[in-house]
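To keep things clear, I will list the structure first and then write my remarks on it.
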Amino acid sequence: MSGGEQEGARGGGRHPSSTALAVDPHRPVSAPRVRTAPRSYGSRRGAGPRPCILLLLVVLVALAGAVEGQQKRDETLQSEQKKLQQTQKRLKEEREKAAAARARETSLLAELEQIEQRLGEKQAEVGRLAARIKRTQADIATLRGEIMRLEGQRGGQEEALARRLRVMYRVHAQGGALPLILSGDDPVTRAMAVRHLASLAVLDARLIREYRGTSDRLADRKGREEGRQQELAALHAEAQTEQAEVDREAAKRRTLLARVRDERAYHERMVGELTEASRRLEAFISELQARQRRLAKVPPPKGGIEPPGVGFGNLRGRLPWPAEGRIVVPFGAQVHPRFGTRTFRNGVDIEAAEGTDVTTVYAGHVIYTGWFKGYGNLIIVDHGSEYYTLYAHIAEIEVKEGEDVRQGQRIGTVGDTASLAGPRLYFEVRYQGKPQDPAEWLRQRG
């Protein structure tokens, strides 16, 4: 076998080269096989997919799963957000209901206090306006008096000027003053005539100046009176507006008190609040007593001691009344005739006309003045030896904390602040912080 054939045999079917064909011309020549490009791995028959395709498929599947998972998570998130919104909405509704309930359960005493404070402010403003109106009216009356006086004065001046004008007219009708001066031959007579005419001229000038001055003052007084009249009209209008506010607040107060008197729920709420107010007052008095003891460096008294028969304690049954009136609500346990509610009164209600003087029943030291919920304007007086008196529902407080007062001194006026039944004075007597029956301490009336 030739080298070319060996090479062809070793080539395992390679195409014969042109040299081999030329060497053996007698060998049949087969059609040459066309050599094609090798098939790819994936196109080979019976072979599996390439790794990149598999990777791509895995990625696509993973992405599809991720998208589906994300969609599920989004749906879950939206659902949770809806649940959260619904929960927040319910929470808001519940809060609104709770706020409405609290508004319905607002303290009647607090509501009454707000109304009375506004009412007191408006009444005080009406009082201030009334005082300004009174002063303005007095100013107008004074200005009118001055105007009348100036008009009378100016009328006299006008008459004097009219007389002088008539004289001057006659002189002018007779040819003037010069012929009168030259009519005489006596120099002395002419000199006297000149001096007389000069005096008349000076008098006329003075009359004219006085008339002008009076007219100016009269115009000034009339202008001031007009201004005062305008101010008075404005004050009247403002007073009417404030009085309308007073009437509205008073109507609110009457409506609230009517509910307290006529509706059981309102009445029972008010009774509970007044009972709580009484407890707060007792605690407050205890604090005041402790403060007074610290200031005086006196140890607290032992319980169960009878009131001493000295000073204030020596006047049981002989104290003067703090206001002219009669006791309409006594000390002690009370039962409401309509609703049957039970309360305990630590003092007495003395019915008196609004504005009646409130006076101290014994000399002492004022330790508190101001508003106290459930009692209105309150005054507490320390009489020494652990004795205290309390005066409530005051209209106008006329003493200050720290002030010493004598027996019978006016400390305020009867009012209806925080009162549920109109003008009256609430009066307490306390010994060592414990309430005493005031009727046993006040002198008996014939």
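In the full protein context, region 103-144 carries 60 Å² of accessible surface per residue, based on a 1.4 Å probe and ignoring ligands, DNA and RNA.
At R0 = 51 Å, how high is the FRET efficiency between Glu151 and Trp371 if r is their beta carbon distance? Nearest 0.05 is fine. The calculated FRET efficiency here is 0.40. Each of Leu207, Leu63 has its accessible area taken with a 1.4 Å probe; listed largest first, they run Leu63, Leu207. For the pair Phe339 and Arg135, what calculated FRET efficiency results from E = 1/(1 + (r/R0)^6), where r is the Cβ-Cβ distance and R0 = 41 Å, to the nearest 0.05? That pair, Arg135 with Phe339, gives E of 0.25. Compared with the alpha-carbon gap, the fully stretched path from Arg316 to Ala363 is longer by 15.4 nm at 0.36 nm per residue.
Close amide H contacts of Trp441 (hydrogens built in the peptide plane, cut-off under 5 Å, sequence separation of 5 or more or a different chain): Gly317. With each label modelled as a point 7 angstrom along the Cα→C-beta vector, the Glu94-Ala237 pair spans 5.5 nm. Surface exposure of region 210-265, expressed per residue as accessible area with a 1.4 Å probe, stands at 63 Å². Backbone phi angles across region 393-402, fed through the Karplus curve with coefficients 6.51, -1.76 and 1.60 (θ = phi - 60°), yield HN-Hα couplings of 6, 5, 7, 10, 7, 10, 10, 10, 4, x Hz in residue order; Gly and Pro are listed as x. Whenever you get a sec, compute what percent of the accessible area on region 295-446 sits on carbon and sulfur atoms (1.4 Å probe). Heavy-atom surface of region 295-446 belonging to carbon and sulfur, 1.4 Å probe: 50 percent. Distance check, please: which entries in Lys252/Lys400; Lys122/Lys373; Lys373/Lys400; Lys134/Lys222 exceed 24 angstrom between their Cα atoms? In this structure, Lys252/Lys400 lie more than 24 Å apart at Cα.
Spherically averaged projected area of the convex hull of Cα atoms, region 328-429: 6.4 nm². Between Gln409 and Thr360, the built amide H atoms are under 5 Å apart, and every one of these is 5 or more places off in sequence or on another chain. Subtracting the Cα-Cα distance of Asp262 and Glu68 from their residue separation scaled by 0.36 nm leaves 62.9 nm. Our coupling estimate for region 202-207, obtained by passing each phi through the Karplus curve with A = 6.51, B = -1.76, C = 1.60 and θ = phi - 60°, is 4, 4, 4, 5, 5, 4 Hz, Gly and Pro reported as x.
Computed FRET efficiency, Cβ-Cβ of Glu158 and Ala124, R0 45 Å: what is it to the nearest 0.05? Rounded to the nearest 0.05, the efficiency is 0.35.
For a straight C-alpha distance cut-off of 17 angstrom, the lysines reachable from Lys434 (same-chain residues fewer than eight places away being disregarded) are Lys302. Annotation: amide H of Glu401 within the under-5 Å range of Thr369, sequence separation 5 or more or interchain, hydrogens built in the peptide plane.
Each residue of region 220-228 was assigned a 3J(HN,Hα) from its phi angle through the Karplus expression (A = 6.51, B = -1.76, C = 1.60, θ = phi - 60°), giving 5, 5, 5, x, 5, 5, 5, x, 5 Hz with x at Gly and Pro.
The packing ranking of peptides 419-426, 208-215, highest mean first, is 419-426, 208-215, where packing means the average number of other beta carbon atoms within 10 angstrom of each residue.
Of the whole protein surface, Lys83 contributes about 110 Å² of accessible area at a 1.4 Å probe radius.
The values are calculated or read from the model by the stated rules, or taken from the named source; none is laboratory data. Treat the numbers as computed from the prediction; the structure is a model and nothing was measured. Don't worry about glycine lacking a Cβ; one is built from the backbone with ideal geometry, like all the others, and counts go over all protein chains shown. Protein only, heavy atoms only, side chains kept; ligands, DNA and RNA dropped before computing areas. Shrake-Rupley method; radii C 1.70, N 1.55, O 1.52, S 1.80 Å.
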